[in-house]
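Peer 1: One structure follows; several queries about it will come next.
The values are calculated or read from the model by the stated rules, or taken from the named source; none is laboratory data. Owing to the predicted nature of the structure, the values given are computational and were not obtained by experimental measurement. No Cβ is skipped: glycine too gets one built from the backbone with ideal geometry, and neighbour counts run over all protein chains shown.
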Amino acid sequence: MAKKLQFEDLESPLIHHRKTGDQFHTVGVIGLGVMGQGIVETIAGSGIEVIGVEKNDVALKAGLEGLTHAMDLEIKRWGKTASEKRAVLSRVRGTTAMTDLKDVDIVIEAVDENFELKRSLIDQFYAIGKPKAVFISNTASLSLTKLASNARHPDQIIGMHFLNPVPVVPLVEIVRGMKTSDATFALVKSFARRIGKTPVEVFEYPGFITTRIILTFLNEAMHVLMEGIASADHIDTAMKLGYNMQTGPLEMADNMGLDEVLAWMDSLWRELGEPRYRPCPLLRRMVREGKLGKKVGEGFFKYNEDGKRK
């Protein structure tokens with residue numbers, strides 16, 4: 001049976017919910033993985049109530065605990081205070097029941113890059129949600145037009161591509177499908193600004209702006225490593241110091257999750273058929289070996305439990 005989970009069930013502080021007093025009172029977020037946790041933290045941190053939905057109790061508990069842990073790390077780095085953490089958690093409620101989203105005006109899905117899964121979530125939501133509610137997909141590479149095809153309200157389906165770590169990166173790409181209405185775009189643009197993001201309008205094309213450009217950069221760095229031209233550390237050092245980057249390409253891929261990077265590259269390779277999007281064999285090998293990056297403690301580099309490079 002679907003179950004609601006509050007933070008008190010995780011022995012986390014919970015204070016009374018507060019009304020935001022604006023048009024974005026409560027937002028639903030489906031999927032509480034790393035990206036979903038970041039989206040929840042960002043929205044709740046801006047004063048908006050959030051209902052987080054997961055597929056089962058185990059995933060829900062893990063997602064809420066992950067959110068708490070991520071903020072604890074921010075507190076250790078002096079990036080957030082304990083009172084700010086309590087305020088965020090006070091606005092978050094977890095559930096395994098899609099029906100709990102029946103009254104929200106905006107829902108964001110942040111599940112894996114699986115077309116059929118995302119498509120089914122659209123159908124599930126509009127079967128129980130408000131007819132005029134906006135459904136936002138956080139896809140990094142899939143077609144919004146295809147996702148909206150045969151949906152009940154294709155004009156109310158739009159993409160919002162957040163970049164990880166969501167609470168830190170100030171950008172969000174707002175991706176319009178072929179049938180996305182101007183009213184939907186205007187609402188989501190206003191919502192992006194409300195949660196502290198700078199919105200960039202993108203008309204649908206595989207990979208949008210950021211994913212399309214960054215993947216070729218990451219892929220080339222992996223080829224340089226595979227060909228033995230330089231070590232992973234020296235590749236990242238060269239790019240950071242040579243081009244004033246905060247993070248090198250290989251550590252950046254580790255942060256994203258190598259399985260996610262591979263999924264995005266495979267998607268663009270299939271859609272566009274251009275060699276520059278063909279995933280480096282080294283990337284495929286590392287994913288097969290379970291070296292998925294920071295989230296498992298090892299990718300191109302090794303990381304401790306706080307996500308710091310060893």
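Peer 1: Out of everything in the stretch 243-258 that is among the small types (Gly, Ala, Ser) and within 18 Å of the chain's Cα centre (by Cα), what residue ends up being surrounded by the fewest Cβ atoms within 10 Å (Cβ to Cβ)? Working first, answer last.
Peer 2: Start the filter on the stretch 243-258 by keeping residues that are among the small types (Gly, Ala, Ser), which leaves 248, 253, 257.
Cutting the leftovers down to within 18 Å of the chain's Cα centre (by Cα) gives us 253, 257.
Numbers: Ala253: 27, Gly257: 21.
By that ranking, first place goes to Gly257.
Peer 1: Okay, moving on. Residues of the stretch 155-191 being over 17 Å from Ile213 (Cβ atoms) and in a loop (DSSP other than H, G, I, E, B), which ones?
Peer 2: Within the stretch 155-191, Pro165, Val166, Pro167, Val168, Pro170, Gly177, Met178, Lys179, Thr180, Ser181 qualify.
Peer 1: Got a sec? Which of Glu113, Glu65, Glu74, Glu109 is in the same structural domain as Gly38 (by TED's automatic domain parsing), in contact with a Gly (Cβ under 7 Å, 6 or more places away or on another chain), among the acidic types (Asp, Glu) and surrounded by 14 or more Cβ atoms within 10 Å (Cβ to Cβ)? Write out each step before concluding.
Peer 2: Numbers: Glu113 fails: in contact with a Gly (Cβ under 7 Å, 6 or more places away or on another chain); Glu65 fails: in contact with a Gly (Cβ under 7 Å, 6 or more places away or on another chain); Glu74 fails: in contact with a Gly (Cβ under 7 Å, 6 or more places away or on another chain).
When all the criteria are applied, what remains is Glu109.
Peer 1: Yes or no: the stretch 215-230 includes at least one residue that is of a type in the set (S, T, N, Q) and exposed (fewer than 14 other Cβ atoms within 10 Å of the Cβ). Outline the logic, then answer.
Peer 2: From the stretch 215-230, those of a type in the set (S, T, N, Q) are 216, 219; that's our starting set.
Subsequent filtering for residues that are exposed (fewer than 14 other Cβ atoms within 10 Å of the Cβ) retains none.
No, because not a single residue in the stretch 215-230 is of a type in the set (S, T, N, Q) and exposed (fewer than 14 other Cβ atoms within 10 Å of the Cβ).
Peer 1: Among all residue pairs at least 6 apart or on different chains, which show Cβ distances below 7 Å where the first residue, located in the stretch 268-290, is outside the structural domain of Ala140 (by TED's automatic domain parsing) and surrounded by 13 or more Cβ atoms within 10 Å (Cβ to Cβ) and the second is part of a loop (DSSP other than H, G, I, E, B) and among the basic types (Lys, Arg)?
Peer 2: Pairs that qualify, where the first residue is outside the structural domain of Ala140 (by TED's automatic domain parsing) and surrounded by 13 or more Cβ atoms within 10 Å (Cβ to Cβ) and the partner is part of a loop (DSSP other than H, G, I, E, B) and among the basic types (Lys, Arg), are Trp269/Arg278.
Peer 1: Out of (1) in contact (Cβ under 8 Å) with a residue 12 or more places away in the chain; (2) farther than 21 Å from Pro206 by Cα; (3) touching a Gly at 6+ places or on another chain (Cβ under 7 Å), what's the single condition that is false for Gly248?
Peer 2: The single condition Gly248 does not satisfy is (3).
Peer 1: Sort out which residues of the stretch 210-230 are hydrophobic (A, V, I, L, M, F, W, C) and either part of a helix (DSSP H, G or I) or touching a strand residue (DSSP E or B) at 6+ places or on another chain (Cβ under 6 Å) (or both), and write them in order of number.
Peer 2: So in the stretch 210-230, the residues hydrophobic (A, V, I, L, M, F, W, C) come out as 213-215, 217-218, 221-222, 224-226, 229-230.
Listed by number, the residues that qualify are Ile213, Ile214, Leu215, Phe217, Leu218, Ala221, Met222, Val224, Leu225, Met226.
Peer 1: When you scan the stretch 53-73, how many residues do you find that are polar (S, T, N, Q) and under 15 Å from Gly31 (Cβ atoms)? First the steps, then the outcome.
Peer 2: Keep residues of the stretch 53-73 that are polar (S, T, N, Q), which gives 56, 68.
In the following step, the residues that additionally are under 15 Å from Gly31 (Cβ atoms) were identified as 56.
Selection size over the stretch 53-73: 1.
Peer 1: Filter the stretch 78-124 for residues that are among the β-branched types (Val, Ile, Thr) and over 23 Å from Thr184 (Cα atoms); which is modelled with the lowest pLDDT? Don't jump to the end; show me each part of the working.
Peer 2: Filtering the stretch 78-124 down to residues among the β-branched types (Val, Ile, Thr) leaves 81, 88, 92, 95-96, 99, 104, 106-108, 111, 122.
Okay, now just the ones that are also over 23 Å from Thr184 (Cα atoms), so 81, 88, 92, 95-96.
Details: Thr81: 93, Val88: 96, Val92: 97, Thr95: 97, Thr96: 96.
Filtering first and then ranking leaves Thr81.
Peer 1: Here are the criteria: (1) in a loop (DSSP other than H, G, I, E, B); (2) small (Gly, Ala, Ser); (3) without any contact (Cβ under 8 Å) to a residue 40 or more places away in the chain. Tell me which single one Gly196 does not satisfy.
Peer 2: So the condition that Gly196 fails would be (3).
Peer 1: Moving to a separate point now. Read through the list (1) out of contact with any helix residue (DSSP H, G or I) (no Cβ under 8 Å at 6 or more places or on another chain); (2) among the hydroxyl-bearing types (Ser, Thr, Tyr); (3) at pLDDT below 95, then give the number of the only condition that Thr42 fails.
Peer 2: The one condition Thr42 does not meet is (3).
Peer 1: Can you confirm whether Thr198 is within 24 Å of Ser267 (Cβ to Cβ) and among the hydroxyl-bearing types (Ser, Thr, Tyr)?
Peer 2: Values: within 24 Å of Ser267 (Cβ to Cβ): no; among the hydroxyl-bearing types (Ser, Thr, Tyr): yes.
No.
Peer 1: Here is a further query. Please verify whether Asp123 is surrounded by fewer than 18 Cβ atoms within 10 Å (Cβ to Cβ), in contact (Cβ under 8 Å) with a residue 40 or more places away in the chain and acidic (Asp, Glu), treating the condition exactly as stated. So that I can check it myself, show each step before the final result.
Peer 2: Working: surrounded by fewer than 18 Cβ atoms within 10 Å (Cβ to Cβ): yes; in contact (Cβ under 8 Å) with a residue 40 or more places away in the chain: no; acidic (Asp, Glu): yes.
Answer is no for this residue.
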